[in-house]
Amino acid sequence: MQLAAAPISWGVCEVPGWGLQLDRGRVLDDTVRLGLPDIEAGPPGFLPQDAGAARAVISGHGVRVVGGFVSGVLHRPERLEAELAAVEAQAAWLAALGAEVLVLAAASGRPDYDAATVLTEPEWTALLAAVERVVDIARRHGLVAALHPHVGTAIERPDAIARLLRESDVPLCLDTGHVFVGGGDPAQIARDHPRRVRHVHLKDADAALASAVRAGRLPYARAVAQGLYRPLGAGDARIADVLAALKAASYEHWSVLEQDIALAEAPTEANDPVRDIARSRDFVRAHA
């Protein structure tokens, strides 16, 4: 299993008003100090939009981009061509950086992740067809597309994930935290569908806060700020079981340490994000 880092573990996020955004240089230097020089690309603006400038930044810090999170509203035909054009541009950019994986989220069309999107039958038909087009786009650029079940998107709850697995052959990005918050069992997915898992986001989660998000009692961003996601092994998502299932399946692709946080102010030495990232890194090394 190959381990990588993600800027969201330092609170770097595309959602407006998410929180303090730490300096890019600090994040990239921290990844190297943690022994995690492989990283996902982060949200728009974290790295320069110009691929040449972005390559200069990552090479200057001694890091490598392995993939990137790309979202698109794929269930609304009137928006599809513009959304796919944006996906294509991001795929070309990721490929120019040497990435391997396009991590796809089926976006709701809202700027936040506060409510699940329940699709109609025509929207399901549109989504499944659009996902295949994204797979083709990624392939043309030398990338693998892996669909990411994500809170507040069209693929969030267990029934939506099950239908996607049943009616599509798109590879999966198994995000243990988002699957758990959505009401699913990430370990069961890893056991039952090991050949569909092409990319992994590892995060643990607090059951009480997850339940509040799922029931609509607590907005997603507020739950993250309150500690929804925990260092691996400190939450309720049974991450040790997930790692055991991946190990049993001889999973050999990227597993990204992605513990979403939101920073209200600059961290001090006592609450530096690297502490929890190091804790999660050590948990994976001990169990996988």
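The table that follows gives values for the structure above.
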quantity: Test: residue in the range 85-99 that is part of a loop (DSSP other than H, G, I, E, B), open to solvent by 20 Å² or more (accessible area, probe 1.4 Å) and touching a helix residue (DSSP H, G or I) at 6+ places or on another chain (Cβ under 7 Å); calculated: no
quantity: Selection count where residues are open to solvent by 20 Å² or more (accessible area, probe 1.4 Å), in a loop (DSSP other than H, G, I, E, B), under 14 Å from Pro7 (Cα atoms) and not hydrophobic (A, V, I, L, M, F, W, C), scope the range 259-279; calculated: 1
quantity: Some residue of the range 207-226 being open to solvent by less than 50 Å² (accessible area, probe 1.4 Å), under 22 Å from Gly19 (Cβ atoms) and in contact with a strand residue (DSSP E or B) (Cβ under 6 Å, 6 or more places away or on another chain); calculated: no
quantity: Every residue from the range 108-145 that is on the phi < 0 side of the Ramachandran plot, assigned to a loop (DSSP other than H, G, I, E, B) and at pLDDT 95 or above; calculated: Leu119, Thr120, His141, Leu143
quantity: Criterion (closer than 30 Å to Glu123 by Cβ and of a type in the set (A, V, I, L, M)) met by exactly one of Val57, Val103, Val63; calculated: Val103
quantity: Which listed residue, of Asp204, Asp282, is modelled with pLDDT of 95 or more, surrounded by fewer than 21 Cβ atoms within 10 Å (Cβ to Cβ) and on the phi < 0 side of the Ramachandran plot; calculated: Asp282
quantity: Members of the range 146-199 that are under 14 Å from the mean Cα position of the chain (by Cα), of a type in the set (Asp, Glu) and outside any strand (DSSP E or B); calculated: Glu156
quantity: Options Ser9, Ser71; residue that is of a type outside the set (Val, Ile, Thr), crowded, with 16+ Cβ neighbours inside 10 Å and either farther than 20 Å from Ser255 by Cα or touching a helix residue (DSSP H, G or I) at 6+ places or on another chain (Cβ under 7 Å) (or both); calculated: Ser9
quantity: Residues that are part of a loop (DSSP other than H, G, I, E, B) and either touching a Ser or Thr at 6+ places or on another chain (Cβ under 8 Å) or crowded, with 17+ Cβ neighbours inside 10 Å (or both), drawn from the range 44-60; calculated: Phe46
quantity: Hits in the range 110-132 - residues which are under 20 Å from the mean Cα position of the chain (by Cα), open to solvent by 70 Å² or more (accessible area, probe 1.4 Å) and farther than 17 Å from His178 by Cβ; calculated: Pro111
quantity: Cross-chain or 6+ apart pairs with Cβ under 7 Å, the range 263-288 first and closer than 13 Å to Arg26 by Cβ, then of a type in the set (A, V, I, L, M, F, W, C) and part of a helix (DSSP H, G or I); calculated: Pro273/Trp10
quantity: Test: residue in the range 82-98 that is over 25 Å from Val15 (Cα atoms), out of contact with any Gly (no Cβ under 9 Å at 6 or more places or on another chain) and not polar (S, T, N, Q); calculated: yes
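The values are calculated or read from the model by the stated rules, or taken from the named source; none is laboratory data. In this text the structure is predicted, and so the values were computed from the model without any measurement. Neighbour counts are summed over all protein chains in view; Cβ atoms, including those assigned to glycine, are modelled from backbone coordinates with ideal geometry. Ligands, DNA and RNA are stripped out before the accessible areas are found, and what is left, the full protein with its side chains, is counted by its heavy atoms. Shrake-Rupley method; radii C 1.70, N 1.55, O 1.52, S 1.80 Å.
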